[in-house]
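The values are calculated or read from the model by the stated rules, or taken from the named source; none is laboratory data. The shown structure was predicted, so the numbers you read here are calculated from the model rather than taken from an experiment. Each accessible area value is taken on the protein alone, full model and side chains, heavy atoms only, with ligands, DNA and RNA left out. Shrake-Rupley method; radii C 1.70, N 1.55, O 1.52, S 1.80 Å.
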Amino acid sequence: MLNKRTTEVYALGQHISMSAHKARRVIDQIRGRSYEETLMILELMPYRACYPIFKLVYSAAANASFNMGSNEANLVISKAEVNEGTIVKRSKPRARGRSFAIQKPTCHITVVMKDISLDEYIDTDSITWSQKKKKYKTMSYYDMYSNSNGGTWDKK
């Protein structure tokens, strides 16, 4: 019997003061790449969105090494997404006592990393019976129609 093992870890950054469109421009470049390649790309790209994404990728790798004990060389970014957050509204004073509305967008960034060295399924047949928990009891039934054990229809 095969059981599913968790091989993915994630890091979530919420309320990052940046447009989701600008963050997606960087996220699209790193999706599906390895951990070391992602760090090199993020250090060399000239966009402002690279630094918070760099911190999230680094945090997801730290979560993987702490929670699963995986090596950073085996990590791959399996999923990365950017969602729009709340819009912070401010007002800027203008001429003749008027005010001008300023909208400051925020975004939520999720980075999911997968360890490619771990198998996704665990073989539970190799585990001994003492390690398993019994969930169901097997039920045996009495076969009254078979000729070997007599049954109720053999009597005259």
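Per-residue accessible area for Tyr35 at 1.4 Å probe radius, Å² rounded to 10?
The value for Tyr35 is about 10 Å².
With every protein chain in place, what's the accessible area of Arg33 (1.4 Å probe, Å², nearest 10)?
The value for Arg33 is about 80 Å².
Using a 1.4 angstrom probe on the protein heavy atoms only, could you order His21, His108 from most to least accessible area? Please list the in-between numbers first.
Numbers: His21 140, His108 40 Å².
Ranking His21, His108 by accessible area, largest first, yields His21, His108.
For a quick check of understanding: with a 1.4 angstrom probe and all protein chains in place, what accessible area in square angstrom does Thr106 have, to the nearest ten?
That residue has around 10 Å² of solvent-accessible surface.
Could you pull out the pairs from Lys55/Lys92; Lys22/Lys114; Lys55/Lys114; Lys55/Lys89; Lys22/Lys55 whose alpha carbons sit more than 20 Å apart here? Don't skip to the end; give the middle numbers.
Numbers: Lys55/Lys92 32 Å; Lys22/Lys114 25 Å; Lys55/Lys114 17 Å; Lys55/Lys89 26 Å; Lys22/Lys55 17 Å.
Exceeds cut-off: Lys55/Lys92; Lys22/Lys114; Lys55/Lys89.
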